[in-house]
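Notes follow the structure.
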Amino acid sequence: MTIDVATGIVRILKEEGVGWVSTFPVCRVNNALGRERVPMLMMRDDRYAVAVADAFSRITGGSRIGVCTFQGGVNAAGMQYAYAGMAQAYEDGSPVLCITDGVPAGASGNSQYDVASAMKTVSKWFGYLDKPERTPELMRRAFTMLRSGRPGPVILAIPNATATYDETADPYRPVKGWKSAPDPADVRAAVDQLLQARNPLIYAGEGVIYAGAAEDLKALAELVNVPVITTLKAKGAFPENHPLFVGVRGDQVAHYLNKSDLILAIGSSLSPGRFSHGIPDPAKKTIIHCNVDELHVNKMYPTAHAVIGDARLTLQALRQEVSGRTSGAGRKAGDVAAEVKAARDQGLARYRQVMNSDETPINPYRVYGDLMEVLDLKNSFVTHESGNTRDQLSTVFDTLIPRGFLGWGNVSTLGFSLAAAIAAKKAFPHRTAVAVTGEAGLGYMLGNLEVLLREKLGITVVHISNGGFAGYGPGFWGPGHDPFTHRVLGPDEVDMSKVIGALGFHTERVSEPAEIIPALRRALDVNASGRPAYIEFVCCQYPVYGQWVGRGEG
Ligand SMILES: Cc1ncc(C[n+]2csc(CCOP(=O)(O)OP(=O)(O)O)c2C)c(N)n1
Ligand SMILES: [Mg+2]
């Protein structure tokens with residue numbers, strides 16, 4: 001049967017299990033989405049259209065692919081704005097599918113902005129549908145890229161969505177996605193080293209979550225009796241109430257990174273960035289790098305052994321090898337758990353103290369502590385913003401299930417938390433979803449708050465309202481910056497709870513520590529009936545949090 005390209009794409013999306021598509025108008029594939037009854041989640045700008053789909057892929061660990069559409073072609077205004085969302089998805093390695101209008105043949109000289117080259121810089125793969133009958137081929141390729149190997153965004157540009165082709169000529173079959181198992185010799189070499197090490201440390205990255213390998217990570221850590229740290233993006237890959245869990249950041253993590261003689265990295269690029277650790281004295285450590293591809297091997301640090309393959313298959317192979325060598329007994333190594341507990345207690349003491357603080361303005365840690373008390377940590381989703389909420393929550397927030405908390409941002413683009421909370425509600429409608437933000441993140445999300453009301457998305461936005469960019473306070477960036485790039489109108493001048501209340505949110509403004517828990521409870525109650533909530537907590541600026549370890553530190 002002859003169909004048009006847009007319809008073909010949408011039918012393939014349905015076959016691939018895509019249940020909805022986020023968008024900001026206009027993209028010609030949207031007509032077919034409407035005709036074929038695939039719901040569109042219309043965001044209020046193109047960056048958020050990408051970010052919601054991106055976050056959906058992250059939160060589901062790539063098991064359900066987020067898809068978005070935005071304006072492209074010769075009038076690529078949408079794409080220029082969507083670029084920010086794509087760049088973040090690419091930076092963080094998120095398997096999101098972006099569909100846009102392509103520049104038609106003969107029109108490539110119409111604009112200054114070169115769509116194809118721009119998109120290639122922020123995608124794992126860029127497909128240009130130059131012939132209608134290639135629709136199944138390009139969609140197959142796209143889903144292969146999305147479901148196999150190192151995750152990353154894929155973009156499809158459709159220059160002529162109304163062109164037709166014969167749907168029966170090349171019937172589409174959903175793409176499974178493929179994994180690879182590591183070379184057994186590499187596994188043996190890794191286990192040789194691991195069993196010889198005195199102070200090994202497991203360094204777990206987000207690849208563990210994408211591989212669905214959280215259970216396997218736990219099983220290996222327990223078998224070899226080795227402490228575990230996770231990256232920001234992998235927060236939750238290992239249960240944070242587990243006796244072997246050290247942390248994401250802070251003194252106790254620094255202690256273990258410094259002390260370790262062997263790092264078993266799994267599912268992490270080991271890239272020392274703005275929001276990750278460096279490996280101190282790497283030449284004095286044995287680095288075993290387990291990764292899905294070779295891109296990151298020998299990148300910043302000398303890799304002693306690489307184990308290339310899917311994280312789950314790798315963890316299983318390592319476990320089997322250790323088991324075989326030790327007759328199932330694993331590695332004996334003294335009372336590792338007691339040492340971890342002592343290091344955590346010491347590292348976290350000063351935060352635990354302020355988590356109980358009665359001071360006013362409220363200490364932000366008190367809000368986080370109370371939030372942990374109110375939430376069912378096995379049935380909720382929390383995410384941070386760029387700024388102090390990232391730094392503080394990633395220091396103290398206990399995450400018990402994968403994606404109970406979404407850490408994001410090798411570089412963290414302000415405003416992503418709202419997209420993440422929306423995606424979490426779409427992925428797990430019965431989990432409570434909370435985005436914790438400062439005023440900068442809130443500024444980015446304001447235009448998109450209407451979506452929550454229209455779509456009846458019961459999400460709570462927690463605003464740590466401290467009247468400024470706390471991390472940018474006096475002295476931080478050197479003289480001249482402060483107060484010009486630090487102070488904004490704060491709770492004394494603007495009542496954001498009234499502003500957002502006028503939109504239709506349930507809102508509250510809380511100044512008393514004793515009111516935090518009741519206010520959060522009311523917000524979550526309201527959320528259960530599909531109404532969003534915004535709670536402004538009038539807080540002090542308290543730029544205190546666990547540090548990342550630099551590369552050179554010894
Ligand atoms: C798109 C983007 N631009 C700039 C930045 C740099 N940036 C990071 S945090 C921040 C300010 C955060 O202030 P606020 O939201 O008030 O949070 P606080 O630290 O006070 O809790 C800025 C400007 C960024 N992360 N993303
Ligand atoms: Mg602030």
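Details
- Ordering of 59-72, 327-340 by burial proxy (mean other Cβ atoms within 10 Å per residue, highest first): 59-72, 327-340
- Our note on the geometry: Cα centres of region 176-244 and region 367-433, 23 Å apart.
- Contact order relative to length of the chain, as percent, for alpha carbon pairs under 8 angstrom and 6 or more apart: 13
- Rolling a 1.4 Å probe across all protein chains gives Tyr444 an accessible area of roughly 120 Å².
- When each of the peptides 238-245, 87-94, 489-496 is scored by how many other beta carbons lie within 10 Å of its residues on average, the order from highest to lowest is 87-94, 238-245, 489-496.
- Surface composition of region 41-110: carbon and sulfur atoms hold 47% of the protein heavy-atom accessible area at a 1.4 Å probe.
- Shape category assigned to the chain from the gyration tensor of Cα positions, a/c cut at 1.5: oblate
- Net +/- balance of residues flanking Gly324 in space, Cβ distance below 15 Å, scoring K and R +1, D and E -1: +2
- Using a probe of 1.4 angstrom and keeping all protein chains present, the accessible surface of the chain works out to 39 square angstrom per residue.
- Taking every alpha-carbon pair under 8 Å whose residues sit at least 6 apart, region 458-554 reaches a relative contact order of 41 percent.
- Mean sequence separation of contacting Cα pairs (under 8 Å, at least six apart), scaled by the length of region 263-379, corresponds to a relative contact order of 15 percent.
- With an a/c value under 1.5 for the gyration tensor axes a ≥ b ≥ c computed over the alpha-carbon atoms, region 1-151 is described as rounded.
- Protein accessible area in region 187-297, 1.4 Å probe - carbon and sulfur %: 47
- Ranked packing of 132-138, 460-466, 510-516, most packed first, by mean Cβ within 10 Å: 460-466, 132-138, 510-516
- When each of Lys378/Lys425; Lys14/Lys120; Lys14/Lys426 is checked by Cα-Cα distance, pairs over 22 Å: Lys14/Lys120
The values are calculated or read from the model by the stated rules, or taken from the named source; none is laboratory data. Every value quoted in this text rests on a predicted model; they were computed, and no experiment measured them. All Cβ positions, even for glycine, are placed from backbone atoms using ideal geometry, and neighbour counts span all protein chains on display. Each accessible area value is taken on the protein alone, full model and side chains, heavy atoms only, with ligands, DNA and RNA left out. Shrake-Rupley method; radii C 1.70, N 1.55, O 1.52, S 1.80 Å.
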